[in-house]
Amino acid sequence: MDIIRKTMLLGLGLISLTKEKAEGMVDELVKRGEVASQDRFKAVDSLLKEAEKQEEEFTRKMAGTVHKVMTDLGLPTRKDLDEVLRTLKSIEQKLSSTDEKKNG
């Protein structure tokens, strides 16, 4: 199975492996004698699971990198913006309450 993993990593750049692509890759390995034909289904399944795992890992790493870049640049996160919005709403409510007391 190690040959399948290496083939996938080299040939597909870690992501976006469809079932059809996986089947095509495994069929090629079967033709070359690197995978037994009776192991075809298991090899395709293994390849798809590995691709999913690699895609999840890539996504996780990219999210971490984007977060780090945003932090390094001093850009606000969604959490930061939500906190500012909550603060503004609180101030608006206090001002509105004060205006009602003056006018009332």
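Nothing in this text is a laboratory measurement; each read-out follows from the coordinates by a stated rule. Keep in mind that this is a model prediction, so the values were computed, not measured.
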* Pull out the extension gain between E56 and D72, defined as 0.36 nm times the separation in residues minus the alpha carbon to alpha carbon distance; nm, one decimal. => 3.3 nm
* **Reachable lysines from K102, criterion Cα separation under 18 angstrom, eight or more residues apart if same chain** => K94
